[in-house]
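Q: I am attaching a structure below and will ask some questions about it afterwards.
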Amino acid sequence: MTSIVLFRNDLRLDDHPALAHAAALGPVLPVFLSDPQDERGAAYQWWQRQSLRVLAQRLGERGLPLVCRRGETLALVSELVQESGATAVYWNRRYAAPQREIDGQLKEMLRVRGITAESFPGDILIEPWKVLRDGQPYKVFSPFWKRLIRDMVVDAPWDIPNQIQASEKVPPSEDPNDWNWEPRRPDWASPFLAYWQPGELGAAARLAEFLESRLADYASGRDYPAAEKVSRLSPHLAHGEISPRRLWQRVQAHVEAQPEQRRAADKFLQELGWREFSWHLLYHFPQLPHTPLRPEFADFPWQEDERLLGAWQRGQTGYPLVDAGMRELWQTGYLHNRVRMIVGSFLVKDLLLPWQAGEAWFWDTLLDADPANNSASWQWVAGCGTDAAPYFRIFNPYLQAEKFDADAQYQRRWLPELATLDAATLYSSDSGRWRDKGVVLGRDYLAPLVDHQLARDRALEAFATLKKQP
């Protein structure tokens, strides 16, 4: 009576409802299944390979081998059922339309063959069809969040089963090393290990450190990229190494013991709520990753300029805060949330390049790339989402630097060529001031790609055309 448990983007043992359910019934065959049409960007796949090693080790400590297969989902599961003699297949639900369609077909195929097929709540707090207003999805975050915290109860997380019986029949496993998820020529990803500990144990350590040392200052410090007051849990959440239910429970328990941190905790949970809202939007509006949710943006006069896009991607815009952010992303696979908004605003408003180009770059370079948060956040920055920033909100990179990196610690960290400059120079557009400090723009550091004020005026004119459409 073996049950196959599918692991996809939920690489953990704790609060894994499908695993807990199967373990209570009898022998379990853990299977990591990677369908190429579900796979994400290069940085994400690199992390997933590291996390798989940890998952295999943790299962091995409990006497369970992890069978890894890569290919088309229905065909592979059909083969695995036949090879193992499994009578049931369990998995945690996924919420993007392509994955829902695949899993729906899988459930139908298995049931036709007389195989039990059941899915369980996945890696969100509340399933999207449960948070509606008059039968319709929410389109604005604030009322969505108020409704969730007022009326909804987050399910208690599942503990790791005390005992898990292994399947007697274990089909052969592919070697994930053969899937080429770890770049070698060149190896641009191994430096990430200096900043991260992929895997379920790394997620637990990151959470413990955040609660102990950073949560108290989160509300006041989260906007300052050099302050290191954020959780940096997003890659672990994106790979399912920790569940949002467990995270919710741990934070609530922490503030029960330390109630003076309630304000900071509420702010952190609200950011977890934005992730939740993003999945809500993706579930109800499956066009989110590629189509503006505000239809008037379909004909927006975006530019197509590979030179400008390449300069932005490489952190060579001539705006120190923007360049620092893009270089942090390239070197670490991560970008502070405040800086994500700044570099996003610069791309779509200063350069007038389409938000989809930024979304695609983040998809490939972010370790925490996820189809919901990435899409919703880019639409928010561009002003074309359902809960979007006003079109006239255009970040001035110099003012943002002065406000959120006043001592230039963040900018100097990622721009070593400017490490000797004082902060006031770095958030100044006065080329004469730079020259007085020994840096000639266009020679020692890139001259700005665009004049911010002129670019702002151009963006406002472009956004104004939206109003003129019938």
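We did not get these values from a lab; they are worked out from the coordinates using the rules stated. The shown structure was predicted, so the numbers you read here are calculated from the model rather than taken from an experiment. Using ideal geometry, Cβ is built from the backbone for each residue, glycine included, and neighbour counts are taken over all protein chains shown.
Q: Roughly how big is the chain's charge dipole about its Cα centre, with Cβ charges of +1 (Lys, Arg) and -1 (Asp, Glu), in debye to the nearest 20?
A: The calculated dipole for the chain is roughly 680 debye.
Q: Separate question: So, counting K/R as plus one and D/E as minus one, what does the shell of residues with Cβ under 11 Å around PRO289 add up to?
A: Numbers: positive: none; negative: GLU359, ASP370.
Residues close to PRO289 contribute a combined charge of -2.
Q: Can you give me the angle between helix 141-151 and the longest principal axis of the chain, using Cα atoms only, in degrees from 0 to 90, rounded to the nearest 10?
A: Once rounded, one gets 40 degrees.
Q: Take the alpha-carbon centre of the range 326-368, take the same for the range 109-127, and report the distance between them in whole Å.
A: Using only Cα atoms to place each centre, the spacing works out to 35 Å.
Q: Another question about this same structure. Quick one: GLU359, GLU127, fewest Cβ neighbours within 10 Å first, how do they rank?
A: Values: GLU359 23, GLU127 15.
Ordered from fewest to most neighbouring Cβ atoms within 10 Å, GLU359, GLU127 come out as GLU127, GLU359.
Q: Moving on. Got a sec to turn the phi values of the range 346-359 into Karplus ³J(HN,Hα) couplings, 6.51 cos²θ - 1.76 cosθ + 1.60 with θ = phi - 60°, whole Hz, x for Gly and Pro?
A: With the stated coefficients, the range 346-359 comes to 4, 5, 8, 10, 6, 8, 6, 9, x, 4, 4, 5, x, 4 Hz.
Q: Here's a follow-up. List the lysines whose Cα lies under 27 Å from the Cα of LYS130, skipping any in the same chain that are fewer than 8 positions away.
A: The reachable lysines, counting only those whose Cα sits under 27 Å from LYS130, are LYS107, LYS139, LYS146, LYS267.
Q: Right, next: If you place +1 on the Cβ of every Lys and Arg, -1 on the Cβ of every Asp and Glu, and leave all else neutral, what size is the dipole of the range 295-468 about its Cα centre, to the nearest 20 Debye? Present the calculation step by step, with values, prior to reporting the outcome.
A: Working: 18 positive and 24 negative charges, 69 e Å.
Charge dipole, the range 295-468, about its Cα centre: 340 debye, nearest 20.
Q: How many percent of DSSP beta bridges within the chain run antiparallel, rounded to 5? Provide the component values of the computation, followed by the final result.
A: Working: 2 of 21 bridges.
Around 10 percent of the beta bridges assigned by DSSP in the chain are antiparallel ones.
Q: Something else about it: Using alpha carbons only, how many degrees (0 to 90, rounded to 10) separate the axis of helix 97-112 from the longest principal axis of the chain?
A: 10
Q: Give me the number: length gained by fully extending VAL170 to LEU399, i.e. 0.36 nm times residue separation minus the C-alpha to C-alpha distance, one decimal in nm. Before the final figure, lay out the partial values.
A: Details: separation 229, 0.36 × 229 = 82.44 nm, distance 5.99 nm.
Gain on extension, VAL170 to LEU399, equals 76.5 nm.
Q: Between the range 162-225 and the range 393-425, what is the C-alpha centre distance in whole Å?
A: Centre-to-centre (Cα) distance: 30 Å.
Q: In addition: Grab the Cα-Cα distance for GLN287 and MET1, subtract it from 0.36 nm times how many residues apart they are, and report the gain in nm with one decimal. Can you show the working numbers first?
A: On the way: separation 286, 0.36 × 286 = 102.96 nm, distance 4.06 nm.
Extending this stretch completely gives an extra 98.9 nm.
Q: For LYS169, list the aspartates and glutamates whose Cα falls under 16 Å from its own Cα; do not include residues on the same chain fewer than 8 positions away.
A: Within reach: GLU79, GLU83.
Q: Still on this structure: Could you name the lysines whose alpha carbon sits less than 26 Å from that of LYS437, not counting residues in the same chain fewer than 8 places away?
A: Of all the lysines, those that pass the test against LYS437 - Cα under 26 Å, at least 8 places apart if same chain - are LYS403.
Q: Moving on. How would LEU33, LEU367 line up from fewest to most surrounding beta-carbon atoms within 10 angstrom?
A: Numbers: LEU33 21, LEU367 27.
Going from least to most buried by this count: LEU33, LEU367.
Q: Provide the packing ranking of 222-231, 376-385, i.e. peptides ordered by the mean count of other C-beta atoms within 10 Å per residue, highest first.
A: Numbers: 222-231: 19.3, 376-385: 24.8.
Answer by packing, highest mean first, reads 376-385, 222-231.
Q: By count of other Cβ within 10 Å, fewest leading, how are THR386, THR291 ordered? Please report the intermediate quantities before stating the final value.
A: Numbers: THR386 20, THR291 15.
Ascending Cβ contact count within 10 Å gives the list THR291, THR386.
Q: Rank VAL154, TYR90, GLN57 by how far each Cα sits towards the positive end of the charge dipole of the range 1-155 (+1 on Lys, Arg Cβ; -1 on Asp, Glu Cβ) and give me just the farthest.
A: VAL154
Q: Note down the magnitude of the dipole of the range 3-122 about its Cα centre, charges +1 on Lys and Arg C-beta and -1 on Asp and Glu C-beta and zero elsewhere, to the nearest 20 debye.
A: 180
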